[in-house]
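First the structure, in the form of C-alpha cells, and then the observations on it.
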Amino acid sequence: MSTPLTEAKIFSCTQSRGLAEKIAASYGSELGNVITSTYSDGEYQPSFEESVRGARLFIIGSTNPGADNLMEMLLMLDAAKRASARHITAVMPYFGWARQDRKDKPRVPIAAKMIASILETAGATRIITMDLHADQIQGFFEKPVDHLFASTVFLPYLKSLNLNDLTIASPDMGGSKRAYAYSRALESDVVICYKQREKANVISHMELIGDVTGKNVVLVDDMVDTAGTLTRAADLMMERGALSVRAICTHPVLSGDAYERVEKSKLQELIVTDSIPLRKKCDKIRVVSCADLFADVMQRVHGNRSISSKFLM
C-alpha cells in the first residue's frame, strides 16, 4: 500500500526571497516560516519556525558569489536534515562557482565538484537548477539533478518579437551548442564569435565567424557577468552590418561596471531571467520570470510525475 503524499513545504534563502514568493504563488502555496538571526560579527543562523518532520522540503536560493549565499543554503539544508525532513530539494536557479568545472591550469581547484559534494553532505537529496555553465556538472552529483533550460521561457518571448532575418549568435566557441539548439527551434542561421582572453573577464581579441549583414541578431549565453563579451560582440556585429543586436542571458550576475556597459552599448535589449535579483534598474534590461517553470517542475517532482516535457532543448 502506497504512502499518501504529504504537503510539500517551500522555504527561501534571503537573497532569493522575491523569486521564491513568485514560485510559491505559482505553486499554489505559501512560503514556510524561516527566521535568520545574525550575530554582531556577521555570523548568521537560519531557523525553521514550523515542523518539517517527514515532509518534502523545497529550499529556494541561488548561490551566486560571495560565499554568503552558498553558506545560507548549506545551513538551511543542514537544519532541515537535523529536523528530520524526509526529502530535501535544493532549488538553485543559479548554481554558483560553476565556471570552475575543470583544471584549466596547474594547482587550481575544481570548485563546481567541491560545491556539489558539500551540498550533498549538508543534506540535499535532490537538486533543481537551470542552465548550468557546463552540462557535465550534473555528473559531479551523486544525487538526482533536474537541469532545466531557460529556453522554456525565452523561446516564447523571442517568437513574440516576430523578427525577420533572425540570426542566433554565440559570444564564444563554448556556447556554440546552445546557439545551435536555439537556431533549430527558431529555424534561423548561426554565427559565432571567437575571442581570446588576457585573463579572466579581460578580452584581448574578438573575431566574427559568419555573416550578419542585414540580420537581426540575438546573442545567446548562460550568464552575463561584466558584460564585456556581450557588449563587444554587439558592437562588432553592428559594425559588420547587423540591423539590430539583442542578447538573452539566463543569469544576470552583472558585476562591476556591467550595468553601465549595457546602457552605453549598441545592444537594443538584454533579456534575462530572475534567477538572480537585479541590483539596479536599467532601461535596456528586460526580465522574464522563471517562477512558473520552477513551480511546475516542483509540483511534478512532488507528485512523482515526469518532467521531460519541460526540456525544450
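The values are calculated or read from the model by the stated rules, or taken from the named source; none is laboratory data. All of these numbers come straight from a predicted model, not from anything done at the bench. Ideal geometry is used to build each Cβ from the backbone, glycine not excepted, and the neighbour counts take in all protein chains shown. Each accessible area value is taken on the protein alone, full model and side chains, heavy atoms only, with ligands, DNA and RNA left out. Shrake-Rupley method; radii C 1.70, N 1.55, O 1.52, S 1.80 Å.
Pull up segment 121-135, narrow it to residues that are in contact (Cβ under 8 Å) with a residue 40 or more places away in the chain, hydrophobic (A, V, I, L, M, F, W, C) and part of a strand (DSSP E or B), then point me to the one that is farthest from Met73 (Cα to Cα).
Met130
Any residue in segment 32-54 that is farther than 13 Å from Phe11 by Cβ and open to solvent by less than 70 Å² (accessible area, probe 1.4 Å) sitting within a Cβ distance under 9 Å of a residue that is assigned to a strand (DSSP E or B) and among the polar types (S, T, N, Q)? List the pairs, counting only those 6 or more apart or interchain.
Pairs that qualify, where the first residue is farther than 13 Å from Phe11 by Cβ and open to solvent by less than 70 Å² (accessible area, probe 1.4 Å) and the partner is assigned to a strand (DSSP E or B) and among the polar types (S, T, N, Q), are Ser37/Gln45; Ser37/Ser47; Tyr44/Thr36; Tyr44/Ser37; Tyr44/Thr38.
Go through segment 136-234 and tell me which strands (runs of 3 or more DSSP E), entirely inside it, have 2 or more residues that are crowded, with 22+ Cβ neighbours inside 10 Å.
Once the strands (runs of 3 or more DSSP E) in segment 136-234 are filtered for at least 2 residues that are crowded, with 22+ Cβ neighbours inside 10 Å, what remains is 166-170, 189-199, 216-224.
Please go through segment 235-267 and give me each residue that is of a type in the set (S, T, N, Q) and part of a loop (DSSP other than H, G, I, E, B), ordered by number.
Listed by number, the residues that qualify are Ser255, Ser265.
Which of the residues belonging to segment 36-82 are at pLDDT below 95 and β-branched (Val, Ile, Thr)?
Of everything in segment 36-82, those that are at pLDDT below 95 and β-branched (Val, Ile, Thr) turn out to be Thr36, Thr38.
I need every pair where a residue in segment 83-99 that is open to solvent by less than 10 Å² (accessible area, probe 1.4 Å) has its Cβ under 8 Å from the Cβ of a residue that is part of a strand (DSSP E or B) and among the aromatic types (Phe, Trp, Tyr), sequence separation at least 6 or different chains.
Qualifying pairs under 8 Å: Thr89/Phe58; Val91/Phe58.
Looking at segment 258-277, can you tell me whether even one residue there is of a type outside the set (D, E, K, R) and at positive phi?
No, the conditions are met nowhere in segment 258-277.
Of everything in segment 1-27 that's without any contact (Cβ under 8 Å) to a residue 40 or more places away in the chain and under 26 Å from His251 (Cα atoms), which residue is surrounded by the fewest Cβ atoms within 10 Å (Cβ to Cβ)?
Arg17
Conditions first: (1) open to solvent by less than 70 Å² (accessible area, probe 1.4 Å); (2) of a type outside the set (A, V, I, L, M); (3) over 27 Å from Leu132 (Cα atoms); (4) in contact with a Ser or Thr (Cβ under 6 Å, 6 or more places away or on another chain). Ser62 passes all but one, so which condition is the exception?
So the condition that Ser62 fails would be (3).
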